[in-house]
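The values are calculated or read from the model by the stated rules, or taken from the named source; none is laboratory data. Note that this is a predicted model, so its numbers are computed, not measured. Here the Cβ positions follow ideal geometry from the backbone for every residue, glycine too, while neighbour counts run over all protein chains shown. SASA here: full protein model, heavy atoms, side chains in, ligands and nucleic acids out. Shrake-Rupley method; radii C 1.70, N 1.55, O 1.52, S 1.80 Å.
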Amino acid sequence: MKAIIYTATAAVFLISFIGMLIYGYKTFYIESDTTTSKEYKYHFALIAEETENDYWRLIEKGARKAAAENDIYLEYVAPKKADNEALLELLDRMISANVDGIIVQGVEGQRFVDLAHKGNERHLPIITIDADVKGSERQAYIGTDNFHAGELAGQTMIENTTGEQYVGIVTGRLDALSQQERIAGFKDKIKSHPRIHLTTTEESGITVIGAAQATYSLLKEYPEITALIGTSALDGMGMVEGLHEIAPNKEVYMTAFDTLPETLQLIQENKIDATIAQYPEKMGYKAVEVMIGLQEKGLLEREVFTETNIIEKQDLQRSGGELQ
Ligand code: BGC
């Protein structure tokens, strides 16, 4: 009898014990989070001009591709709306976070120079992308030669217009270095062509609506305008809208920047005459590659200019509309 009781008790104990193990495992086992606990080789930060900007998302896409291929954790951060102060704040924060490398849009002024120095003192490499600050201690620049890109915009105007031209400039932001250099290149190119006159420059705030408003103001103030140049990625789209609002039947020679699909579509529709192509995905990809090089082999290249070229309707037909 005793033996039966002992065996039954032992059986009940064993069953409850196994049950407890299974239940406890299911209840308390936490699946390891592969995205956060995976060991990466390096942690890089990419600081963009503005979070939801299509052009910066292409830079991010290229950077993520290189990061995935090389086992790198890439953090994409940016001010919600383009703002130099907010970007510099992020840069400072990333330096303090002690990531392995920072890829950032160059910003004018002493604060950027000071932060690049701070990074350098901490042996934290900083690479500029899209816009450079040559006088700073950034390790390298990857992106368009913005002065040359501006010259290309001037070249389209010289080659594709005849007679007196009155040009209005729509620019992303007056305090953005890439924009300042493009305008300087454009002015330099047209200076030996006295038939091409500049009226004034209006800011778009790197938005389509801002570019539409800028175009409206330009044409209101200078109805003699015969040509418009937009120096950032969404300006061309806004210029078409703005012109449609104020002078739908006016013929205006338009040069845009970048090859976002909406801009290419407007070229197909003959609403934009030319655009200056940049290659943001390649910039992002290359920047990560150079940053890896900096970690492992030291500095190889201080300045990597990605391609720029003039794109017109005939080029789209040749390439089947694909340019990225
Ligand atoms: C410029 C970037 C800018 C973007 C805005 C591009 O053409 O290179 O600096 O952030 O346009 O849409």
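Structure values in brief
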| read-out | value |
| --- | --- |
| For region 39-188: rounded, prolate or oblate by the Cα gyration tensor [a/c cutoff 1.5] | prolate |
| Evaluated at q = 0.19 Å⁻¹: base-10 log I(q)/I(0), Debye formula over Cα of region 253-324 | -0.73 |
| Cβ-based net charge around E312, under 15 Å, with every Lys or Arg adding one and every Asp or Glu removing one | -2 |
| Cα centroid separation, region 132-176 to region 272-314 (Å) | 16 |
| For region 230-292: relative contact order, % (alpha-carbon pairs under 8 angstrom, 6 or more apart) | 32 |
| Nearby aspartates and glutamates by direct alpha-carbon distance to K313 (threshold 16 angstrom, same-chain neighbours under 8 apart not counted) | E159, D258, E262, E269, D273, E322 |
| Low-density loop positions, GluC sites (Glu not before Pro), region 121-177 - DSSP coil, at most 14 other Cβ in 10 Å | E164 |
| Residues of type aspartates and glutamates that K297 reaches as a straight line, Cα spacing below 12 Å, ignoring anything fewer than 8 places off in the same chain | E289 |
| Region 204-313: relative contact order in percent, alpha carbon pairs under 8 Å with at least 6 residues between | 22 |
| Accessible surface of the chain, 1.4 Å probe, proportion on carbon and sulfur as whole % | 55 |
| Longest to shortest principal axis, alpha-carbon extents of the chain, angstrom | 117, 46, 36 |
| Counting all C-alpha pairs of region 118-274, share separated by more than 27 Å (%) | 24 |
| Neighbourhood net charge (9 Å Cβ-Cβ; Lys/Arg +1, Asp/Glu -1) for N160 | -3 |
| Accessible surface, the chain, averaged per residue in Å² (probe 1.4 Å) | 49 |
| Span per principal axis, largest first, for the Cα atoms of region 41-124 (Å) | 35, 29, 16 |
| Radius of gyration and Dmax over the Cα atoms of region 48-87, both given in Å | 11.1, 33 |
| Using distinct alpha-carbon pairs, which all enter the 1/r mean, Kirkwood radius of region 123-190 in Å | 13.4 |
| Loop-resident sites, region 144-231, for trypsin sites (Lys or Arg not before Pro), counting at most 15 other Cβ within 10 Å (DSSP) | K191, R195 |
| 5 Å-binned pair-distance histogram of region 187-324 (Cα, whole percent) | 2, 10, 17, 18, 16, 14, 10, 6, 4, 2, 1, 0 |
